[in-house]
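Scroll down for the structure; my scribbles are underneath it.
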């Protein structure tokens, strides 16, 4: 059965083209995906991300539990409100999902996991939580709106009470606060500044409408995908899953092999780190016309790989992609098989786009 | 959705064909097809002088979302292609039945056009697809 967010009727009233996304009926675009993309890069756009799964973890040993559950170290979270991006791994070091952990107090952490992986994630978290006496509660009563872009914060702050505005205006990147009944986090999936706002379902439509009135442009999942890839951010299921470790997915920076912390998958990661992971994730740009797409073969002198996420970058005006290739592959002689034609591509550092423009060398 | 001009004929795969006054056949994709594809970013066209066979793929339109083959409804020689699409593929999104045309075929015979759908039959096909 297809699920609807509380904003479904709002999307339809705006003329959105709807698609099935992980069992949810979601807006792909409201007319032009490319215009929505530019609105986020240049001004402010918003996404209904209520399909994402918000889970509250409560109990005196929640921090201990998260030390065990995720590959990044929650000991980096020292100030209430701080957030951490991390993967949770299975015993083989494969990625069960990627998530954001918010530290609210010692007995309360909040995690946001992907929509398409909800059932699997909840089962996994609950299974691990039992030993730590941590209560796992999905917050189905909450909707979520991501407001992103260079002017996004100012537009949101203008809608808040004086007291909440003062608080939300001061939170640093990758941190959150509460106020006006909202959970306001300075996080996102576009590479732009902005807020992700968790709002009680009953108030979500009113907030959405007030954001529109404040000049925030609704944007669909199509723009969300091109924005996150330009920003060099992974998409679960496309760039990583249980069959790869964080090291093979460009996520080594999210793994903390800190002293004495026994997290799930650690042993495999340690041996992989010592021996070197067999594959790696690289960023590609194609200067020729055409679009790199998921599943295309990537030919390198060290052997074949494949395109993971690939798309047309509206900011650059050309195609960009993530690819997984043999670890020995260098920068030279990389080609992509597009409809039986081998097209040369350039290996580049990502993010592909920074501050609204192509990053140096891209 | 753009009004379908009455002088067009359609393939079930969403290409349109129009017989010009000089007898050549102009080919494009339907407004319905462009709306399914979304923002177009790249068009690969045949070359002038190519011989094409009805029902064969001879162009590719790529949107942010997907790449799609374009089939020619008639056989013959390509006598013109819409070069302006190289820089402005979005023209197809904006005017699928006009400035967004793809190529022109000098057809050997008109018989193949008889196989195509008239605007009403095509509109019905689209209607049924949407339900």
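The values are calculated or read from the model by the stated rules, or taken from the named source; none is laboratory data. From a predicted model like this one, the values you see are computed outputs, not experimental measurements. Backbone-built Cβ (ideal geometry, glycine too); neighbour counts: all protein chains shown.
Of everything listed in (1) more than 14 Å from every other protein chain (Cβ to nearest Cβ); (2) more than 13 Å from the chain's Cα centre (by Cα); (3) over 18 Å from residue B:125 (Cβ atoms), the single unmet condition for residue B:6 is (3).
The residue pairs whose first member lies in the stretch B:67-90 and is away from chain A (no Cβ under 14 Å), whose second member is surrounded by 17 or more Cβ atoms within 10 Å (Cβ to Cβ) and in a helix (DSSP H, G or I), and whose beta carbons are closer than 7 Å, counting only pairs six or more residues apart or on different chains, are B:73/B:112; B:74/B:112; B:75/B:112; B:84/B:91. Restricted to the stretch B:43-66, and to residues there that are assigned to a strand (DSSP E or B), in contact (Cβ under 8 Å) with a residue 40 or more places away in the chain and more than 12 Å from chain A (Cβ to nearest Cβ), the residue that is farthest from the chain's Cα centre (by Cα) is B:52.
Please determine whether any residue of the stretch A:140-163 is farther than 26 Å from residue A:223 by Cβ, assigned to a helix (DSSP H, G or I) and out of contact with any helix residue (DSSP H, G or I) (no Cβ under 7 Å at 6 or more places or on another chain). For the stretch A:140-163, residues farther than 26 Å from residue A:223 by Cβ, assigned to a helix (DSSP H, G or I) and out of contact with any helix residue (DSSP H, G or I) (no Cβ under 7 Å at 6 or more places or on another chain): present. Out of all the residues in the stretch A:305-315, is one or more farther than 17 Å from residue A:37 by Cβ, surrounded by fewer than 20 Cβ atoms within 10 Å (Cβ to Cβ) and at pLDDT 95 or above? Yes, the stretch A:305-315 has at least one match. Can you tell me how many residues in the stretch A:245-276 are on the phi < 0 side of the Ramachandran plot, part of a loop (DSSP other than H, G, I, E, B) and touching a residue at least 60 places away in the same chain (Cβ under 8 Å)? So the count comes out to 9. When residue B:16 is tested against (1) in a strand (DSSP E or B); (2) touching a helix residue (DSSP H, G or I) at 6+ places or on another chain (Cβ under 9 Å); (3) within 13 Å of chain A (Cβ to nearest Cβ), only condition (3) is not met.
Yes/no per residue for (1) part of a strand (DSSP E or B); (2) within 17 Å of residue A:229 (Cβ to Cβ); (3) without any contact (Cβ under 8 Å) to a residue 60 or more places away in the chain:
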position	(1), (2), (3)
A:322	yes, yes, no
A:329	no, no, yes
A:332	no, no, yes
A:336	yes, yes, yes
A:342	yes, no, yes
A:347	yes, yes, no
A:351	no, yes, no
A:360	no, no, yes
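Of the set (1) away from chain A (no Cβ under 14 Å); (2) at positive phi, all apply to residue B:24 but (2).
Here the condition is being crowded, with 19+ Cβ neighbours inside 10 Å and within 14 Å of chain B (Cβ to nearest Cβ); of A:265, A:220, A:250, it holds for A:220 alone.
When restricted to residues that are modelled with pLDDT under 95 and surrounded by fewer than 17 Cβ atoms within 10 Å (Cβ to Cβ), the stretch A:333-362 contains 9. Just one of the numbered conditions (1) within 13 Å of the chain's Cα centre (by Cα); (2) within 16 Å of residue B:91 (Cβ to Cβ) is not true of residue B:39; which one? All conditions pass for residue B:39, except number (1).
Within the stretch B:71-87, the residues that satisfy the criterion of being assigned to a loop (DSSP other than H, G, I, E, B), at pLDDT 95 or above and more than 15 Å from residue B:14 (Cα to Cα) are B:75, B:82. I want to confirm something. Restricting to the stretch A:10-36 and keeping residues that are more than 13 Å from chain B (Cβ to nearest Cβ) and free of Cβ contacts under 8 Å to residues at least 12 places away in the same chain, which single residue is surrounded by the most Cβ atoms within 10 Å (Cβ to Cβ)? Per the stated criteria, the residue is A:12. Being over 21 Å from residue A:349 (Cα atoms) and without any contact (Cβ under 8 Å) to a residue 60 or more places away in the chain is a description that does not apply to residue A:288.
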